[in-house]
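The values are calculated or read from the model by the stated rules, or taken from the named source; none is laboratory data. Nothing here was measured: the structure is a model prediction, and the numbers come from that model. Counting neighbours? That spans all protein chains shown, and the Cβs are built from the backbone with ideal geometry, glycine included.
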Amino acid sequence: MHPTAVPALKPDFMKAASENVNLKTSLFESLSAALRPDAILATNTSSISITKIAAAAIPKGETASSEKGKASAARVVGRTRFTQIQKHLTQYWRRAPLL
């Protein structure tokens, strides 16, 4: 496919949520069920495990080791912030490990 034929990437859905594990896991469970199977689910967090959030994206009735469960959890990516020195902020993106 010619590069000019590729449509511009844009998010299908964006939502901000506070740093609350119950809120984020509930949100990712709902988004995983409601959005297309190829939608990327991303979060920004400083204290919640990306793996825990990815586990919430696995459809009910599926396991982390099933093909559908692995595919769903693999859609979750996270941006983690941490500071070693108050004025120095390091940011990086990481994909949740397959469960």
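Here are the numbers:
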| quantity | calculated |
| --- | --- |
| In region 32-41, the residues that are in a helix (DSSP H, G or I) and more than 10 Å from the chain's Cα centre (by Cα) | A33, A34 |
| Residues of region 64-99 that turn out to be outside any strand (DSSP E or B), surrounded by 12 or more Cβ atoms within 10 Å (Cβ to Cβ) and modelled with pLDDT of 90 or more, as a count | 10 |
| Subset tally (residues that are of a type in the set (D, E, K, R), under 15 Å from T25 (Cα atoms) and either touching a residue at least 40 places away in the same chain (Cβ under 8 Å) or in a loop (DSSP other than H, G, I, E, B) (or both)) for region 42-63 | 1 |
